[in-house]
1. What's the magnitude of the charge dipole for segment 66-147 around its Cα centre, counting Lys and Arg as +1 and Asp and Glu as -1 at the beta-carbon? Answer in Debye, nearest 20.
2. Can you tell me the FRET efficiency between Val106 and Lys38 if r is taken as the Cβ-Cβ distance and R0 is 35 Å, rounded to the nearest 0.05?
3. Could you tell me the number of lysine pairs in the chain with C-alpha atoms less than 22 Å from each other, where the two lysines are 8 or more residues apart or belong to different chains?
4. Answer with a single label: of [x] 16.1; [y] 16.9; [z] 15.6, which was calculated as Kirkwood radius over Cα pairs in Å from the structure in view?
5. Pop out the carbon and sulfur fraction of the accessible area of segment 34-74 as a percent, whole number, probe 1.4 Å.
Amino acid sequence: MKKILSSLVLVMAMVLTLTGCTTSKSFTWDVNTGDKIKIKVDTSGGYDITSDLPFTISKDDETLSQGTFITIDGYNQYMNAVDNDSTANVIDSGTKNGITYTFYSVNNSEFNYLIKIDGSNTGILLGNPNSQSEAEEIFNRLTISKE
């Protein structure tokens, strides 16, 4: 009886541990700025990242967002354009886990994150043509770091 109870407790502990697990996938790029940048995505729920474009985020094989690396000069030019474009609307901005970001829409039909990786010479432009909520979901699944 003790063996059965002991086995049951072990199985329950494993089930509780496994239900909280998430999966992830990452790529590391040697960017032309001289930085080595790692992007990791939480792949639970059917999400994935590929190294197309330099990277594409999808769910269930449907492309949702695409990202490209930019220089700090490029980041500053994009920020200036967002600040001076009457069709651009800043939705959110701040810092998070070693990055500084600005989330904006253009004509409420294109949803972009402009990201500066702190301590690097590299930025990222992450675009989503579908919706604000989808763009936010993808951004919240990313971990971006300088290696």
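The values are calculated or read from the model by the stated rules, or taken from the named source; none is laboratory data. Here the structure is a predicted model, which means the values were calculated and not measured. Glycine also receives a Cβ, built like all others from the backbone with ideal geometry; neighbour counts cover every protein chain displayed. These accessible areas exclude ligands, DNA and RNA; they are computed on the full protein's heavy atoms, side chains included. Shrake-Rupley method; radii C 1.70, N 1.55, O 1.52, S 1.80 Å.
1. In debye, rounded to 20, segment 66-147 gives about 200.
2. Working from the Cβ atoms, E equals 0.80.
3. 21
4. After the calculation, the listed value that fits is [y].
5. Answer for segment 34-74 is 39 percent, counting heavy atoms of protein chains only.
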